[in-house]
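Presented below is the structure to which this report refers.
Readers should treat all values here as calculations from the given coordinates under stated rules, not as data from a laboratory. Predicted model only: the values in this text are computed from it and were never measured. Here Cβ is always computed from backbone atoms with ideal geometry, including for glycine, and neighbour counts include all displayed protein chains.
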Amino acid sequence: MELSQKTIEHFRNPQNVGEIEDPEGTGSVLNPICGDKTVIYMRIKEGVIEDAKFLSFGCAVTIASASVLTEKIKGKKISQLLSGSDDEVISRLINLIESELGEIPPAKLHCPPATVQVFLEAISGYLEKGEESPLSSRIKGLIPQVSDYYKRGEKTEEAT
């Protein structure tokens, strides 16, 4: 299994590793495919992600995915990141990671969706601190849909 140079760079020198004290949003996920654990912490002001950090106990692709996503979401409005249909949102967030990392081995295609799920969990935690809103309900509906994306590498592996 060969990893792209970008994946190796983000694994060896991950960006945004650590915790944020008193974060507005926190999410945690245990990848159901491989058992990797990732936690994301976010500082959010007026709907804009000002800072994002992560801790991960996982493989190179899991760590690289969290490194990339935390970089890409900084300075973005939550509403901007979540615009579009459910599939568009999930696909766009996964693509933020994969377009930066390059080709990911089929056996590791479950890693970027886990990072997207932990991001959505953190946003959900942030929104739950305020009043229930349509966006909060939407996020809660998006989270279980990410599980469909964990299976992307399975067919490719079976075909070989």
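Hey, any hits in the stretch 5-12 for a residue that's touching an Asp or Glu at 6+ places or on another chain (Cβ under 7 Å) and under 18 Å from L127 (Cβ atoms)?
The first filter runs over the stretch 5-12 and keeps only residues touching an Asp or Glu at 6+ places or on another chain (Cβ under 7 Å), leaving 6.
Then drop every residue that is not under 18 Å from L127 (Cβ atoms), which leaves none.
Among the residues of the stretch 5-12, not one is touching an Asp or Glu at 6+ places or on another chain (Cβ under 7 Å) and under 18 Å from L127 (Cβ atoms), which makes the answer no.
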Pick from G75, G153: which is closer than 23 Å to D22 by Cβ, without any contact (Cβ under 8 Å) to a residue 60 or more places away in the chain, small (G, A, S) and surrounded by fewer than 22 Cβ atoms within 10 Å (Cβ to Cβ)? G75
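Can you tell me which residues in the stretch 73-121 are among the hydroxyl-bearing types (S, T, Y) and part of a loop (DSSP other than H, G, I, E, B)?
Taking the stretch 73-121 as the starting set, the residues that turn out to be among the hydroxyl-bearing types (S, T, Y) are 79, 83, 85, 91, 99, 115.
Listed by number, the residues that qualify are S83, S85.
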Would you pick out the residues in the stretch 43-72 that are assigned to a helix (DSSP H, G or I), under 16 Å from V29 (Cβ atoms) and in contact with a strand residue (DSSP E or B) (Cβ under 9 Å, 6 or more places away or on another chain)? T62, I63, S65, A66, S67, L69, T70
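Those residues that are surrounded by fewer than 23 Cβ atoms within 10 Å (Cβ to Cβ) and either under 11 Å from L120 (Cα atoms) or not β-branched (V, I, T) (or both), I need them from the stretch 30-40; list them, please. If you could, list the steps in order and put the result at the bottom.
First, pick out the residues of the stretch 30-40 that are surrounded by fewer than 23 Cβ atoms within 10 Å (Cβ to Cβ): 30-37, 39.
Hits for the stretch 30-40 are L30, N31, P32, C34, G35, D36, K37.
Against the condition under 17 Å from P113 (Cβ atoms) and out of contact with any His (no Cβ under 9 Å at 6 or more places or on another chain), how does G27 come out, does it pass?
Values: under 17 Å from P113 (Cβ atoms): yes; out of contact with any His (no Cβ under 9 Å at 6 or more places or on another chain): yes.
Yes.
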